[in-house]
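Everything on this sheet refers to the single structure shown next.
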Ligand code: GLU
């Protein structure tokens, strides 16, 4: 029998199980959304399973509203999970606060086997130790003061109500793991010291509960942000000591602001929900996030989720920090807005405009205004700013109508502008209501510009129609507004000059 060559585990079809394991202590960060996406893509591509586990053992900082926001954000992006909170699964429950018995069992086991111990050191003692080590030029770690306390003594102190945490007896060894993105990573665990793994038997820290759950939930690959890289050797040690299987790791590059500093609220919105509120489309965000640290083989930039599943390759994720380029996101969003059909775009825009713009009575105007502005929108929210003049003519200063454009001091040539506006009204009046479209209007008015001048006619026309310094061209605006409203606005301009 010929043996088929063994595929590396990361390429094996099926059997792959990955997870997103957020602590619900804040709104879903845009960077975490990328972690979700990369896990999701990997699972889909490998025919594997994607698990959503909520790591809420820090009861003081975890809040249901954050859990809700995480779930909502993932659903909005269309990144669904195969097992997890909300839907359950074979290895549930998927909320760590509902799994305390499991962690307690393992914590007890470690204490019984003398692989973990109670530590009674006060904050002040720990800080004192830290300062002393720093003063000696050493990297601070736990001094080991409680490491050798007798079990009976510790139990007695606990029974008497003394407060303690549980520390893991970190073996002094060398841990080596092969990060799928960063390659071989070696850590001397002597530098880590005995780490706290739980505040009590029923209050584990995520370094511990996560390591336990990755085993209990049969996770094969941990794909998470680089900020977790220092937790990996700790979790590997815990898993080794408990006799768990080894996992594969992939640490995603940090996301940086354009000045290469760590992405922070000071420069950019960090919550996914903020981007949703600003009118970014989930498809554009997914596309953008995929390119945040990952590069396809060619120069292609627009990817549907299906294309991403096909092309995504964990080996093409870069090690260097990925710059969050907001202009690129805006550009991508504009591309996706252009791709939406009229009906769909209108429905989405309705969330971003005053309700009266979306009324039945305004339906035709709204459809036309969207068509006129579609190419100029970068976000759905842009529409309101770009198109408000269609719904209500803004009040403007008469000098807006002046051509050539004036400096502040100059006086508008009222007589000439008035005369030009009157010529326009006369011409526009000749176009029948049924023929009142961009092409016909353009044809008749452009022939007049040969006599009266292009800027002389088109500028006051466009300004009178929009009340704005910038807008789409006058023919398009007239088509959107219709004959009656066009004439009304031109007469307003005449009044302003009279
Ligand atoms: N719950 C932790 C966090 O949100 C750990 C995540 C992980 O291990 O992927 O940062």
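The values are calculated or read from the model by the stated rules, or taken from the named source; none is laboratory data. From a predicted model like this one, the values you see are computed outputs, not experimental measurements. With ideal geometry, Cβ positions are generated from the backbone for all residues, glycine too; neighbour counts draw on all protein chains shown.
Things to note:
- Residues in region 55-87 that are under 13 Å from the mean Cα position of the chain (by Cα), more than 16 Å from the ligand (Cβ to nearest atom) and part of a loop (DSSP other than H, G, I, E, B): 78 only.
- Residue match in region 148-171 (condition: crowded, with 17+ Cβ neighbours inside 10 Å and either under 35 Å from the mean Cα position of the chain (by Cα) or within 15 Å of the ligand (Cβ to nearest atom) (or both)): no
- Region 109-125 residues that are farther than 17 Å from residue 199 by Cβ, paired with ones that are at pLDDT 95 or above and not in a loop (DSSP other than H, G, I, E, B) (beta carbon under 6 Å, 6 or more apart): 115/241
- Unique residue being exposed (fewer than 12 other Cβ atoms within 10 Å of the Cβ), in contact with a helix residue (DSSP H, G or I) (Cβ under 7 Å, 6 or more places away or on another chain) and in contact (Cβ under 8 Å) with a residue 12 or more places away in the chain when the list is 414, 433: 433
- Residue within region 228-245 that is within 14 Å of the ligand (Cβ to nearest atom) and part of a strand (DSSP E or B) present: no
- Residues of region 208-222 that are in a loop (DSSP other than H, G, I, E, B) and either within 11 Å of the ligand (Cβ to nearest atom) or surrounded by fewer than 17 Cβ atoms within 10 Å (Cβ to Cβ) (or both): 218, 219.
- Residue 177 vs. criteria assigned to a strand (DSSP E or B), within 15 Å of the ligand (Cβ to nearest atom) and touching a residue at least 12 places away in the same chain (Cβ under 8 Å): yes
- Apart from one condition, residue 193 fits all of (1) over 23 Å from residue 120 (Cβ atoms); (2) surrounded by 16 or more Cβ atoms within 10 Å (Cβ to Cβ); (3) away from the ligand (no atom under 16 Å from the Cβ); the exception is (1).
- Any chance residue 131 is out of contact with any helix residue (DSSP H, G or I) (no Cβ under 7 Å at 6 or more places or on another chain), surrounded by 13 or more Cβ atoms within 10 Å (Cβ to Cβ) and not in a strand (DSSP E or B): no
- Selection status of residue 203, within 16 Å of the ligand (Cβ to nearest atom), modelled with pLDDT of 95 or more and over 29 Å from the mean Cα position of the chain (by Cα): yes
- Search result, residues across region 303-350 that are assigned to a helix (DSSP H, G or I), surrounded by 11 or more Cβ atoms within 10 Å (Cβ to Cβ) and without any contact (Cβ under 8 Å) to a residue 40 or more places away in the chain: 307, 311, 316, 338, 339, 342, 345, 346, 347, 349, 350
- Per-region count, region 25-39, residues surrounded by fewer than 24 Cβ atoms within 10 Å (Cβ to Cβ) and near the ligand (Cβ under 10 Å from one of its atoms): 5
- Of all residues in region 40-54, none are out of contact with any strand residue (DSSP E or B) (no Cβ under 7 Å at 6 or more places or on another chain), within 16 Å of the ligand (Cβ to nearest atom), touching a residue at least 40 places away in the same chain (Cβ under 8 Å) and in a loop (DSSP other than H, G, I, E, B).
- Qualifying residue in region 11-19 (condition: surrounded by 14 or more Cβ atoms within 10 Å (Cβ to Cβ), more than 13 Å from the ligand (Cβ to nearest atom), modelled with pLDDT of 95 or more and over 16 Å from residue 217 (Cβ atoms)): no
- Residues in region 180-215 that are within 27 Å of residue 316 (Cβ to Cβ) and without any contact (Cβ under 8 Å) to a residue 40 or more places away in the chain: 183, 184, 186.
- Matching option when the condition is more than 15 Å from the ligand (Cβ to nearest atom) and surrounded by fewer than 18 Cβ atoms within 10 Å (Cβ to Cβ), among 183, 225: 183
- Subset of region 232-254 [closer than 22 Å to residue 94 by Cβ and surrounded by fewer than 17 Cβ atoms within 10 Å (Cβ to Cβ)]: 242, 245
- Among (1) touching a residue at least 60 places away in the same chain (Cβ under 8 Å); (2) under 16 Å from residue 480 (Cα atoms); (3) exposed (fewer than 15 other Cβ atoms within 10 Å of the Cβ) - the single one residue 394 does not satisfy: (2)
- Filtered residue count, region 453-481, keeping only those that are assigned to a helix (DSSP H, G or I) and loosely packed, with under 15 Cβ neighbours inside 10 Å: 2
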